[in-house]
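Visitor: Dropping the structure in here first, questions after.
Just so you know, all these numbers are worked out from the coordinates, no wet-lab data involved. From a predicted model like this one, the values you see are computed outputs, not experimental measurements. All Cβ positions, glycine included, derive from the backbone under ideal geometry; neighbour counts span all protein chains shown.
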Amino acid sequence: MNSVRNLHHLNARDMGTRKGASLMTSTGMPALDELLPGGGWPKGGLVEILVSGSCAGSIELVLPALTRLGRQGRWTAMVTPPHAARSAVFTAPGINASRLLQVNPHPGRSGLWTVESMLCSGDFGAVLAWPTCETGLMDKRLQKAAKAGKALCVLFRHGCVPALNSGVDVRLKLETNETGRALYLLNYRGDTLAGLALV
């Protein structure tokens, strides 16, 4: 990774990401809104966040949006969240814990089917998941379900190579080293399009 201190925003208006998510919600971080195609998280779309090294801090990227979406009266779901992420969401200021749901289905693809069902229901403003398997073609089903339910779906993947044949609307990669953290916008092939340093 380039030194985070020296990372500059790359000029990449041709994002090369999938179309289809028409509604957006601000991330709550102006620099991240600027990085994302459409200027925010897609409400009705699938976001993939690839995490290298420690997963710590990746959930912070979506907390402001979860607070905002929670005010709309819809549910937020976490499917098989790691302890640190679960704790961060339940204790974040402004999060309505009474509208949070944690689901721990059987390992493997059953978790993704659970995500798909929740997205299709229309009851959830956001569904977060930490899949432990390669999803590939299932991503297309999740993207379609997120669009139908007008929900933000975020998949956090640890140490995974992104699938080329995917329905992901926005693909990000979070890297951490001794100099700080950096977030990169990737296209569907996994090529870096833009990046920003995170405080």
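Visitor: What list do you get for 191, 139, 33 if you sort them by fewest beta carbons within 10 Å?
Guide: 191, 33, 139
Visitor: Another question, if that's okay. Where Lys and Arg each count +1 and Asp and Glu each count -1, what net charge lies around residue 49 among other residues with Cβ under 15 Å from its Cβ?
Guide: With Lys, Arg at +1 and Asp, Glu at -1, the neighbours total -1.
Visitor: Which length gain, in nm to one decimal place, applies between residue 144 and residue 189 when the Cα-Cα distance is subtracted from 0.36 nm times their residue separation?
Guide: Computed gain between residue 144 and residue 189 is 14.2 nm.
Visitor: About its Cα centre, what dipole magnitude does segment 21-198 give when the only charges are +1 on Lys and Arg Cβ and -1 on Asp and Glu Cβ, stated in debye to the nearest 20?
Guide: Rounded to the nearest 20 debye, it is 500 debye.
Visitor: Taking the beta-carbon count within 10 Å as an exposure proxy, list 138, 118 from fewest neighbours to most.
Guide: 138, 118
Visitor: On full extension of the chain, what length is gained from residue 158 through residue 96, given 0.36 nm per residue of separation minus the C-alpha to C-alpha distance?
Guide: Full-extension gain reported as 19.6 nm.
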